[in-house]
Every structure is written in C-alpha cells, then in structure tokens.
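What follows is a single structure, written as structure tokens, with notes after it.
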Amino acid sequence: DLLKFMRDQVPNVWHGNYFMVQTLLQSALVVLEKWQRITEELTTVAWVDDWKKGENGEKYEDELLTNTMRRIEEVLKLRAIHVQLVLLLSKKELQDMGADKIWEPFATFDPTHPLLYSANTTGAWEKAVQEFHRRVETQDSRVAVKLRNALSTSATSSFMLLQVFQRFKDIIKRPTTTQELSAERDSLMVVMDEMVTGFKQTFEAKQNTTIGIGTQKQSKEIRQILWARQLKFPIEQILHTAKCLLADLPKMEKFTELANKLCSDIDKYEKECFHAWQGNVHTLMQDAEEPIVIQMSGSLLTSREGKMIVTFNEKFTEIIGEVRQLLAMGFHIPQDVQVFAAKCYKFHRQSLMIRQLACWYNSTDTQILKCHKLILSDLAHQFESAVAPSSKEKKRITWNSLNDADLYCAKLSKIQGSFQAENRRLRKAHVEMEEKCIILMNVDLLKNADKWKVTLKEV
C-alpha cells in the first residue's frame, strides 16, 4: 500500500517538474528509511526473544523495500544528471545529443511505473540505465569544457568554487568528466583544506571566549552551542562534497582526518556547553534564594501607586525557549528539567492572561469619561476587591496554585467584561446626548417648538 501510494503521488517520474519530483522522492525515501529502521529495531530489540526462536536470530530484512529504496536513489541520480546537462548545454547542443529522446530507454516501464521494483524487470532496467549513460557519454567532453569555464570564473572565491562543484556534482562524478577535470579537482582539494584549516583556527581561537550567536536574553551556553552548530555545518558540507567528488585523490585521507577531528572537537565543545547549561538550570531549581524559585510561591499580582503589577519572572520564558531549542537540536534533556520547563510554560500561559487584565486595568483612566466614573465606581471597586482580596480572606493566589489562578483569572475576566460592556453603553449614550444637544441649540423655539419638545424628551 505504501509503494502504491508513492506511485500515485509521482505519476510522471521522467517528465514531471524536477523539483517537485525530487521533493516527493526524497520524502518517500525518508518514509521508507524510517519503516526499515522500525522493523530492524523491532526484530533486534523489542521482539528479540521471540524473533530468535522463529528466524534463527537474524534481523528482519525486506528485500523489496531495500531494492525500492535503491531504485528511487537511481531515479534521483538520473534526473539530477539530466537537469545539470540542461543547465550547462545550449539548446542547439541539447538538440544535437537528442535530449528530448533521452528517456526513451525507459519507455517500457511506463505501464508498471519505474519506481516499483520487480525482479522480473531488473535486466531491462539495467539495460535502460546503461543506454541512458551511453547517450550522456557523447557529451562528456563538451560538458567538461563548460564546467572548466564555470570553475575558472568562480576561482576567485573559495565558496563560489565549492558551490559550482556542489551544483554539478552528479555530472562531475562521471568517469570521463572526472578525468578531464583532474586539475580543477586538485585545486578544490587545496581550497577545501584551507577552508577547514581556517574553521579550525577560528574554533581554537574563540572556543574559550564568550563568543556566541542568538539574542542577549539567551544564556551564554545556548549562544555558544548555536555558534558551534553554525561553525560545524559548513565543515560537514565540505566533507560530504569531498567524499563525493574527491575520494580518489591522495590527499583525501589526511583531509578527512582533519575534518573529522574538527567535527569531533566541536561535538565535545557542544556537550561541555550543554552540561554547563544543565548544571545552571539544576542550581536554579534547587537554590531557595534564587528570585525565580521565590516567585514560584509568590503572588500573581501586586499593586503599586494604584497600578497592577504582574510578578512574572522573564526567566520562565527563557527556560521554555532554551529547552525547546535544545530538544530540536537533538539533545537529551533530563526529565526533571523537562518537568520544570513544563511548569514554567504554565506560568507563562497564566502570565499572558493576567498581563492583559493588568494592562486593561492600568489604562482604564483613559477609557472612562470623568462624568461616568461615579456610575462605574461599583464595578471598579468590585474589580479592585477581586484583584487584592481583603485581609479577612486568608487564601492567597500564587504561581504555585495554578488551578486557583485559572479560577482567579476567570473571575477577573468576567468582571472586566461587565465593566467594558457598561462603559461602552454609557459612552454610546453620551455621544447620542451630545448629538441631541447640538440639535436643540440649532432649533428655533418660535418656529419649531414641537421639535424642541420631542428632542428634549428624547434626551
């Protein structure tokens, strides 16, 4: 069913939009790889005892799944070569090589769809792939010349040179093109070595400083982890490109050792920063003198000079964001820290609601007309009494009593709603009375005495 669904999602492998087909096939590979990983885990971990009895202890391997994944990878490679040819060659050169008929060898697979592997069609598939490469081979020398020109244009910038190699990596890997571009590949090896050496020097110079990326609200350790990730990403990209295009060069072994050692050092640095962050959070959780711990048992609101003040520590929000970031980056967060972050999130959710109420209350002076203050005084007093209970009420609403805080917020919201509705009604009546008074002032009593009486009655 999974393979049939994949076939339905990609109806035209050869002539469909390349980027759409590429996205769909890469997504299919991710799903199939996950399926394969799950079956392997089940037969080697979860069901290991029962599986050993029935299958001689060998892990389960689905040949159809493995061959289908290999087929998808082949299709992606063939499409990539074709697209790179189209980018490099002119329209006339494409016509000369018969680019419009390049997919003819695969015509026999249209009825059964080329993505669906079958042992019966393996020979025909291999023959079609060989014919495709034979047709492309006629243009390898011309492609090498085009690539050499593109590489010479980008030679002034290391990153631009690397981008050209990455963009056309599938066609550069072809034997003839690889041989034609041997000098350019040697130059790329030198450039890559210089780039990785530069990253190594940057890392060694700055790893013991307070360097980092991100916002100032984030802790130093999180900013250092983000900096390390940012530094490591291009190194991994360079190493991947080198393994793909330069594996046969004599300097490759030394270069690989250098890049892997640097990645390993950055990983170690990341772990050290993470353990430091984890230690700081544990200290924060356990130290009774810390403001954040004190505020957890403190009141939700205080009042100062007639204004409502929300006693919310922004450190709650920082911890929530940092835990989410670290989880997204693949770090294992201890259970007690996750529980603490979940509690902080509840505080954060409550604070948003209470801040809205406090903001409204603190700005009521600008929303109420002076002549209405006496009329609204009862509702205002009711709201103030709910915000700050009298000394007779022993129960105090704190951040630790979240259930009570929910009821507290609901009570305040209800009073706020009544207050706003009454204020809107009064303001509307006030505007209408203003309009009527203006009409009265413009009425001639001698000529329109009846109109005066009617309008006055409405007022």
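The values are calculated or read from the model by the stated rules, or taken from the named source; none is laboratory data. All values derive from a computational prediction rather than experimental measurement. Ideal geometry is used to build each Cβ from the backbone, glycine not excepted, and the neighbour counts take in all protein chains shown. These area figures cover heavy atoms from the full protein model, side chains too; ligands, DNA and RNA do not enter into them. Shrake-Rupley method; radii C 1.70, N 1.55, O 1.52, S 1.80 Å.
For region 379-435, a tally of residues being open to solvent by 90 Å² or more (accessible area, probe 1.4 Å), over 17 Å from Leu357 (Cβ atoms) and at pLDDT below 80 returns 7.
Checking Phe255, Phe233 one by one, the residue that is touching a residue at least 40 places away in the same chain (Cβ under 8 Å), closer than 26 Å to Lys206 by Cα and aromatic (Phe, Trp, Tyr) is Phe255 and no other.
A residue that is modelled with pLDDT of 85 or more and assigned to a helix (DSSP H, G or I) can be found somewhere in region 37-52. For region 95-126, name all the residues that are open to solvent by less than 50 Å² (accessible area, probe 1.4 Å), under 40 Å from the mean Cα position of the chain (by Cα) and modelled with pLDDT under 85. Across region 95-126, the qualifying residues are Ala99, Phe109, His113, Pro114, Leu115, Leu116, Ser118. Could you go through region 78-89 and let me know if any residue there is buried (at least 16 other Cβ atoms within 10 Å of the Cβ), under 30 Å from Asn149 (Cβ atoms), among the charged types (D, E, K, R) and at pLDDT 90 or above. Scanning region 78-89 turns up at least one residue that is buried (at least 16 other Cβ atoms within 10 Å of the Cβ), under 30 Å from Asn149 (Cβ atoms), among the charged types (D, E, K, R) and at pLDDT 90 or above. Taking the criterion of being within 21 Å of Arg142 (Cβ to Cβ) and in a helix (DSSP H, G or I), the residues of region 176-186 that qualify are Thr176, Thr177, Thr178, Gln179, Glu180, Ser182, Ala183, Glu184, Arg185. In region 447-459, is there at least one residue being of a type in the set (A, V, I, L, M) and surrounded by 14 or more Cβ atoms within 10 Å (Cβ to Cβ)? No, because not a single residue in region 447-459 is of a type in the set (A, V, I, L, M) and surrounded by 14 or more Cβ atoms within 10 Å (Cβ to Cβ).
Check region 179-200 and report whether any residue there is without any contact (Cβ under 8 Å) to a residue 12 or more places away in the chain and either closer than 23 Å to Gln325 by Cβ or surrounded by 14 or more Cβ atoms within 10 Å (Cβ to Cβ) (or both). Checked against the condition, which is being without any contact (Cβ under 8 Å) to a residue 12 or more places away in the chain and either closer than 23 Å to Gln325 by Cβ or surrounded by 14 or more Cβ atoms within 10 Å (Cβ to Cβ) (or both), region 179-200 yields no hits at all. Among the residues of region 249-271, those identified as in a helix (DSSP H, G or I) and loosely packed, with under 15 Cβ neighbours inside 10 Å are Glu253, Lys254, Glu257, Asn260, Lys261, Ser264, Asp267, Lys268, Lys271. Would you confirm whether any residue within region 217-229 is small (Gly, Ala, Ser) and either in the same structural domain as Lys77 (by the TED database) or modelled with pLDDT under 90 (or both)? Yes.
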